[in-house]
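J.: Here you go, one structure.
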Amino acid sequence: MESSLPVVECFHSLQGEGEHAGRSSYFIRLASCKVGCPWCDTKESWNSELHPQRSLIDLSICTAKAQKEGAAFVVITGGEPLHHNLDLLCEEIRKCTLSLENKSIPIHLETSGVDILSGNPDWITLSPKRHFPPRLDNLLSCQELKVVVQNKEDLYFAEKMVDLIKSNGNIKPKLFLQAGWDNEEAKAMAIKYVKNNPDWRLSMQTHKWLGVL
Ligand code: SF4
């Protein structure tokens, strides 16, 4: 198993999207993604060879420092973080951030769900992609389902994901639609859909609106 991982960036900021929007969080953005979404806003993360390897210990120490400065949780994102086995990283983070009350920092994972789950995260945000659907076991494990809407087909896909979850008896995740950035038609479509389907909520990329890193 890897003792270091390719890292695009780490930073302490606010979670901008979904259920935990507005909360203090430490982000670890891992490099590598083969999912290839045309609208991707982190294309620089795709090629892991362009990014430095950082040791798991170093990443864990930085997470512990952010925790001391107020981060309520750590978000492992990408790229597609599950292209890597996250077991050792999450183990190190949990060890390094263990408090006197025997609690470690909650680990959130943002993934498209195309690979085997690892790291035993406390919160999974699954953002499934129509052109590269997620594994069913990941779909059934997520706490939050976030579907990016670029066109009408994405709404049908969102419904299909929920049908799959329902028919396999999972506890219902929180449901979010997120309109593609700078896509006015998608924004109108997502707002209309949420107005007519109260199980769904609109996920705003508040960090982009506010200009927060
Ligand atoms: S899965 Fe995420 S990082 Fe990968 S291409 Fe799609 S949007 Fe970009």
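Here, each number is a calculation from the coordinates, and none is a lab measurement. No experiment lies behind these values; they were computed from the predicted model shown. Here the Cβ positions follow ideal geometry from the backbone for every residue, glycine too, while neighbour counts run over all protein chains shown.
J.: Pull up the cross-link candidates among the lysines for Lys172, meaning alpha carbon to alpha carbon under 20 Å and not fewer than 8 places away within one chain.
T.: Lys129, Lys146, Lys160, Lys195
J.: Can you give the % of DSSP beta bridges in the chain that are antiparallel, to the nearest 5?
T.: 30 percent
J.: Another question, then. Using the Cα centre as the reference, give the magnitude of the dipole from point charges on the C-beta atoms of segment 74-213 (Lys, Arg: +1; Asp, Glu: -1; all else neutral), rounded to the nearest 20 debye.
T.: Rounded to the nearest 20 debye, it is 420 debye.
J.: Okay, next question. Expressed as a rounded percentage, what relative contact order does the chain have, with Cα pairs under 8 Å and six or more residues apart?
T.: Computed value for the chain: 18 percent relative contact order.
J.: Which order do the peptides 89-102, 123-136 come out in when sorted by mean C-beta neighbours inside 10 angstrom, highest first?
T.: Answer by packing, highest mean first, reads 123-136, 89-102.
J.: Quick one: order Tyr193, Tyr26, Tyr156 by neighbouring beta-carbon count within 10 Å, fewest to most.
T.: Ascending Cβ contact count within 10 Å gives the list Tyr156, Tyr193, Tyr26.
J.: What are the aspartates and glutamates whose alpha-carbon lies under 19 Å from the alpha-carbon of Lys65, with same-chain residues fewer than 8 places away excluded?
T.: Lys65 reaches Glu9, Glu91, Glu92, Glu101.
J.: Dipole of the chain (Lys/Arg Cβ +1, Asp/Glu Cβ -1, origin at the Cα centre): which of Val148, Cys33, Ser48 lies farthest to the positive side?
T.: Val148
J.: Something else now. Toward the positive end of the charge dipole of segment 4-210, about the Cα centre and with charges on Cβ (Lys, Arg +1; Asp, Glu -1), which of Ala158, Val74, Asn85 goes farthest?
T.: So the residue we want is Ala158.
J.: Considering only DSSP beta bridges where both residues belong to segment 110-213, give the percentage that are antiparallel (nearest 5).
T.: DSSP beta bridges in segment 110-213 are roughly 5 percent antiparallel.
J.: Once you put a point 7 Å from the Cα of Asn120 and another 7 Å from the Cα of Gln205, both along the Cβ direction, what distance in nm separates them?
T.: 3.4 nm
J.: Just from its helices, what would the mean residue ellipticity at 222 nm be for the chain, if runs of 4 or more DSSP H residues each count -39500 (n - 2.57) and the sum is divided by every residue, rounded to the nearest 500 deg cm²/dmol?
T.: It lands at -8500 deg cm²/dmol.
J.: Could you put Thr77, Thr42, Thr63 in order, starting from the residue whose Cβ has the fewest other Cβ atoms within 10 Å?
T.: Lowest count first: Thr42, Thr77, Thr63.
J.: Mind checking the full-extension length gain between Lys192 and Glu69? Use 0.36 nm per residue of separation minus the Cα-Cα distance, one decimal, nm.
T.: Net length gain for the segment: 40.3 nm.
J.: Let me ask something else about it. Over the chain, one equal point on each Cα, no solvent: what is log10 I(q)/I(0) by the Debye formula at q = 0.10, 0.13 Å⁻¹?
T.: Results for the chain at q = 0.10, 0.13 Å⁻¹ read -0.43, -0.73.
J.: Only counting other Cβ atoms within 10 Å, I'd like Ser13, Ser167, Ser3 sorted with the fewest neighbours first.
T.: Final ranking by Cβ density, sparse to dense: Ser167, Ser3, Ser13.
J.: What is the Cα centroid distance between segment 55-102 and segment 118-165, reported in whole angstrom?
T.: Using only Cα atoms, the two centres lie 24 Å from each other.
J.: Want the number for Ala21 to Lys95: 0.36 nm per residue separation, take away the alpha-carbon distance, what's left?
T.: 24.0 nm
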